1. How large is the dipole of region 34-275 about the Cα centre if only Lys and Arg carry +1 and Asp and Glu carry -1, each at its Cβ, rounded to the nearest 20 debye?
2. Please give, to one decimal in nm, the separation of the simple spin-label points placed at Gln185 and Asn375, each 7 Å out from Cα toward the Cβ.
3. For n ≥ 4 DSSP H runs only, could you compute -39500 (n - 2.57) per run for the chain, divide by its residues and tell me the 222 nm figure to the nearest 500?
4. So between Ser409 and Asn332, what do we pick up on full extension, going 0.36 nm a residue minus the alpha carbon distance?
5. May I ask which residue of Ser355, Thr342, Gln402 lies farthest towards the positive end of the charge dipole of region 327-402, with charges of +1 (Lys, Arg) and -1 (Asp, Glu) on Cβ and the Cα centre as origin?
6. Using Cα atoms only, what is the angle between the long axis of helix 126-138 and the major principal axis of the chain, expressed in degrees (0 to 90) to the nearest 10?
7. Going by alpha carbons, how many degrees (0 to 90, nearest 10) lie between the helix axis of 174-186 and the longest principal axis of the chain?
8. Give me the net charge for the shell around Ala184: Cβ to Cβ below 14 angstrom, other residues only, Lys and Arg +1, Asp and Glu -1.
Amino acid sequence: MGFSYQKQILHADSVAITELMQAYGSPLYVYSRTDIEHNWHKFDQAFGTHPHLVCYAVKANSNLAVLNVLAKIGAGFDIVSGGELERVLAAGGKADKCVFSGVAKTTTEITRALEVGVRCFNVESASELNRIEAVAKSVGKQAPISIRVNPNVDAKTHPYISTGLTENKFGVDKNEALDLYQIAQQSAHLSVQGLDCHIGSQITDVAPFLDALDKVLALLKQLKHQGINLTHLDLGGGIGINYDDEQTIDIQAYINAIISKVGDTEIILEPGRAIVGNAGIFATKVEFLKQNTGHAFAIVDGAMNDLLRPSFYNAYHQVLPINKATTGTQANWDLVGPICETGDFLAKNRPLSLSEGDYLALMSAGAYGFTMSSNYNTRPRVAEVMVSGTTHQIVRKRETVQDLFANESLFL
Ligand SMILES: *Cc1c(COP(=O)(O)O)cnc(C)c1O
């Protein structure tokens with residue numbers, strides 16, 4: 001299932017994308033429920049009987065329907081804000097399967113997380129540990145914690161999505177972690193649960209993950225000598241997907257390697273992109289074709305505000321015609337949007353045969369697509385649709401222009 005051509009037309013599961021665009025308009029995000037479930041099960045099943053929890057990283061795609069599909073099959077969730085916690089709860093997810101990451105949890109967020117009973121706080125600094133302890137004390141509770149350790153390994157990914165080097169803002173170094181565990185161990189309001197690390201995103205080689213794991217296991221051993229026994233190890237997310245035809249990580253082999261090293265310690269993983277990335281596309285329509293002095297531009301109705309990754313990370317998304325049977329002008333097209341920024345592009349230099357009015361799919365747009373979208377240029381955010389087999393349903397209405405300034409008022 002997922003995205004494939006049937007009789008020259010791109011389909012999501014068994015539904016033609018052309019049909020979706022006629023029903024819901026353009027541009028559009030389309031998700032395959034089948035693919036989302038399949039991708040989560042792949043992680044879950046790879047662990048076999050080893051104790052584990054696969055916590056989907058909500059920030060990759062936080063649509064309630066996506067969260068609900070995952071909650072129903074037993075997923076845990078990795079959240080980075082109070083807003084994401086409320087989304088998970090609204091979608092039927094369980095607080096006791098949520099791990100709470102992020103460098104700057106507010107007092108309000110910590111209070112709410114304690115009230116609903118999250119599984120664990122992933123703590124990123126001494127100050128944050130103090131704050132969590134103070135809040136727990138004030139509400140008469142014990143906060144479950146892990147310390148996020150920065151293993152100082154180079155994930156060899158884009159610098160904006162690399163998080164495991166000491167130059168990044170995330171986590172604490174090994175020595176500080178040892179101190180923080182001592183403090184936490186002695187607090188009546190903190191309960192030491194695990195150890196956490198997350199080294200970056202779109203990592204396509206297993207070596208940095210295993211380097212990080214070795215460093216984390218050495219720390220675990222040191223803690224054990226000090227009488228601090230952790231019950232879980234959270235190895236974060238970051239597993240890369242295929243955007244093109246690059247080599248990426250074999251999930252089963254990665255998880256086998258983890259299991260072979262960790263004894264019977266429970267493992268938590270936080271994959272985001274690997275669950276939803278390939279389970280979604282961004283569909284857009286060619287408005288105008290324009291050839292300027294040797295440059296071929298296809299101006300489409302989608303833009304950087306809808307799909308930021310190309311502009312922000314220079315990311316590559318495959319571009320496919322939604323109807324392969326159409327013929328048009330063959331050229332190496334730059335796909336650009338209507339926004340008044342030179343950086344407003346979705347793809348560059350793609351050999352395609354295009355006519356005005358054609359529909360195109362930007363593939364692998366299910367992760368960090370809609371969630372990074374904005375209203376720049378007063379553009380309403382696009383609709384999101386989920387497909388399952390032969391059925392399809394809108395899971396987020398297209399915004400109206402009135403929605404965009406509903407919270408604004410004149411200065412009287
Ligand atoms: C972003 C993030 C993830 C998910 O990363 P992916 O590359 O989407 O798998 C997991 N854990 C933490 C702490 C994150 O910040």
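1. Result for region 34-275 is approximately 720 debye, rounded to the nearest 20.
2. About 5.1 nm separates the two model spin labels.
3. -8500 deg cm²/dmol
4. On the way: separation 77, 0.36 × 77 = 27.72 nm, distance 4.58 nm.
Additional length available on full extension: 23.1 nm.
5. Selected residue: Gln402.
6. Long axis of 126-138 versus the principal axis of the chain: about 70 degrees.
7. 60
8. Charge balance in the 14 Å sphere: -3.
Taken together, the values in this text are just the output of simple stated rules run on the coordinates, not laboratory data. Because the structure is a prediction, the values reported are computed rather than measured. Reconstructed Cβ throughout: ideal geometry from the backbone, glycine too, with neighbour counts over all protein chains shown.
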